[in-house]
Amino acid sequence: MRPLTSIAALGAALLMTHSAFAASGVARVCAADIKAECGDVMKSGGKALKDCMKTHFSDLSEDCQVAIIRAAAVGKACKADARKLCADVKPGKRTECMKAHAADLSDACKKAMAKAQAGGK
């Protein structure tokens, strides 16, 4: 799985924002990896953390890699919905906004979210 996840990492790391990263549960799954590989930039978050995770993607555990890719897939599938429904919401509150608009989400966004919550099955 490493070659596939390494290729997908470039897109995944670029798609994720710090708030999406934290809200998606990736931070929980990747906590040990983040500390081990990016402990020096962990508190700064944002672009610095995203860049570090991208640089060390192949060093992360498989569970962490998979969690990042799933979160990126949700971010990509829900990007238009987030812009349309939650454009005026601060980044840290967008997850709450998207949940509040669950009935208004596109089918693609709903499907990606359900797949990520089910563990990609």
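With respect to being within 14 Å of Met113 (Cα to Cα) and modelled with pLDDT of 90 or more, Ala36 falls outside the description. If you go through segment 44-82 and keep only what is modelled with pLDDT under 90 and of a type in the set (Phe, Trp, Tyr), you end up with nothing. Beta carbons closer than 7 Å, at least 6 apart along the sequence or on distinct chains, pair a first residue in segment 70-94 that is under 16 Å from Met113 (Cβ atoms) with a second that is among the charged types (D, E, K, R) and at pLDDT 90 or above for Leu85/Asp104. Here Gly92 fits the description: under 16 Å from the mean Cα position of the chain (by Cα), surrounded by fewer than 15 Cβ atoms within 10 Å (Cβ to Cβ) and under 17 Å from Ala27 (Cβ atoms). Taking the criterion of being under 15 Å from Gln65 (Cα atoms) and not in a helix (DSSP H, G or I), the only residue of segment 27-54 that qualifies is Cys30.
With respect to Gly39, is the statement that it is over 30 Å from Asp104 (Cα atoms) and not hydroxyl-bearing (Ser, Thr, Tyr) true? Against the criterion (over 30 Å from Asp104 (Cα atoms) and not hydroxyl-bearing (Ser, Thr, Tyr)), Gly39 qualifies.
The values are calculated or read from the model by the stated rules, or taken from the named source; none is laboratory data. Because the structure is a prediction, the values reported are computed rather than measured. For neighbour counting, all protein chains shown are included, and Cβ atoms are generated from backbone atoms with ideal geometry for every residue, glycine included.
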